[in-house]
1. For segment 102-117, which residues satisfy the criterion of being hydrophobic (A, V, I, L, M, F, W, C) and either modelled with pLDDT under 95 or touching a helix residue (DSSP H, G or I) at 6+ places or on another chain (Cβ under 7 Å) (or both)?
2. Under 9 Å by Cβ, and 6 or more places apart or on different chains, what pairs join a residue from segment 54-73 that is closer than 20 Å to Asp23 by Cβ with one that is among the basic types (Lys, Arg)?
3. Go through segment 229-247 and report how many residues are over 12 Å from Arg192 (Cα atoms) and part of a loop (DSSP other than H, G, I, E, B).
4. Kindly list the number of the only condition in (1) modelled with pLDDT under 95; (2) within 30 Å of Asp35 (Cβ to Cβ) that fails for Ser120.
5. Can you give me the number of residues within segment 144-171 that are of a type in the set (Gly, Ala, Ser), in a loop (DSSP other than H, G, I, E, B) and open to solvent by 30 Å² or more (accessible area, probe 1.4 Å)?
6. Tell me, please, whether a residue that is among the charged types (D, E, K, R), within 20 Å of Pro40 (Cα to Cα), touching a residue at least 24 places away in the same chain (Cβ under 8 Å) and loosely packed, with under 14 Cβ neighbours inside 10 Å can be found in segment 84-92.
7. Answer yes or no: is there a residue in segment 111-125 that is part of a loop (DSSP other than H, G, I, E, B) and either touching a Lys or Arg at 6+ places or on another chain (Cβ under 7 Å) or surrounded by 20 or more Cβ atoms within 10 Å (Cβ to Cβ) (or both).
8. Any residue at all in segment 93-101 that's at pLDDT 95 or above, surrounded by fewer than 19 Cβ atoms within 10 Å (Cβ to Cβ) and closer than 30 Å to Ala191 by Cα?
Amino acid sequence: MGKRERATSFGAQTGAYESGRPDYPAAAVQWLLADLPPAPIVVDLGAGTGKLTRAIAAALPAARLSAVDPDAEMLEALRAADPDVPTAVGTAEDLPLADASTDAVVLGQAWHWVDPAAASAELGRVVKPGGRLGLIWNIRDGGVEWVARLTAIMHASDAEQLIADGGPTVAAPFGPLECTTWSWVRPMTRARLHAMAASRSYLITCPAQERREIVAAMDELFDELGLHGEATVDLPYTTFAYRTTRG
């Protein structure tokens, strides 16, 4: 299955996505959106079920916030949890927004799906001069042996590969990217680890037999870790945040 199809596959697993995916550290979101004007207009692009949307609302209570995603099923889940947030279907390369209409656009776990040059041009159209583009990813720490084994079982994602290759790129009219990282852990049960895996595009789109084999291999690993019932293991993450200004 192609990259575009995988990018819009997540609606098949909205429950697993909401349960299995981590939230974003408040400090990282605050850094992304620092020094915006009062009551800024902010768009969460690739908003999914609204994890970053809710973090933005907490960081900037006065923000005029909206959410855009290419997957209507993901937006349906977002509206169920956050009915007051306006939503629209769209992509980074084709946004249903007016010229110079936003102070900031942020993308969580999403820039690796886009064409950087085309997306930069389209976002440059909708972001006001001097406005902000923010990109953020939560990436598991593969330096921990069991985490590296888990990633190998599940298959590395496009996001993980992008970060491993040096991080994202943007194009005009945006300037150089600043980057800051945060390291933290998330306690995970076996069920939540399975939900995290089930929310990944590779597992959503792979053949059923391969999916069963991946789940079985994960269970073997979790048995080795003694992870049963409500027992938890700390899953280490690094959050990578990038921001740039529109010229």
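The values are calculated or read from the model by the stated rules, or taken from the named source; none is laboratory data. All of these numbers come straight from a predicted model, not from anything done at the bench. A quick note on method: Cβ atoms are made from the backbone with ideal geometry, for glycine too, and the neighbour counts reach across all protein chains shown. Each accessible area value is taken on the protein alone, full model and side chains, heavy atoms only, with ligands, DNA and RNA left out. Shrake-Rupley method; radii C 1.70, N 1.55, O 1.52, S 1.80 Å.
1. Of the residues in segment 102-117, the ones hydrophobic (A, V, I, L, M, F, W, C) are 104-107, 110-111, 113-114, 117.
Val105, Val106, Trp113 - these are the residues of segment 102-117 that are hydrophobic (A, V, I, L, M, F, W, C) and either modelled with pLDDT under 95 or touching a helix residue (DSSP H, G or I) at 6+ places or on another chain (Cβ under 7 Å) (or both).
2. Once the first residue is closer than 20 Å to Asp23 by Cβ and sits in segment 54-73, its partners that are among the basic types (Lys, Arg) give Ala67/Arg79.
3. 1
4. (1)
5. So the first thing to find is which residues in segment 144-171 are of a type in the set (Gly, Ala, Ser), and the list is 148, 152, 156-157, 159, 164, 166-167, 171.
From what's left, in a loop (DSSP other than H, G, I, E, B): 156-157, 166-167, 171.
Next, from what is left, pick out any that are open to solvent by 30 Å² or more (accessible area, probe 1.4 Å): 156-157, 166, 171.
Of the residues in segment 144-171, 4 are of a type in the set (Gly, Ala, Ser), in a loop (DSSP other than H, G, I, E, B) and open to solvent by 30 Å² or more (accessible area, probe 1.4 Å).
6. Looking only at segment 84-92, we keep the residues that are among the charged types (D, E, K, R), and these are 84.
Remaining after also requiring within 20 Å of Pro40 (Cα to Cα): 84.
Those still in the list that are touching a residue at least 24 places away in the same chain (Cβ under 8 Å) too: none.
No, that holds for no residue.
7. Yes, because at least one residue in segment 111-125 is part of a loop (DSSP other than H, G, I, E, B) and either touching a Lys or Arg at 6+ places or on another chain (Cβ under 7 Å) or surrounded by 20 or more Cβ atoms within 10 Å (Cβ to Cβ) (or both).
8. Applying the first criterion (at pLDDT 95 or above) to segment 93-101 yields 93-101.
Cutting the leftovers down to surrounded by fewer than 19 Cβ atoms within 10 Å (Cβ to Cβ) gives us 93-94, 96, 98-101.
Remaining after also requiring closer than 30 Å to Ala191 by Cα: none.
No, the conditions are met nowhere in segment 93-101.
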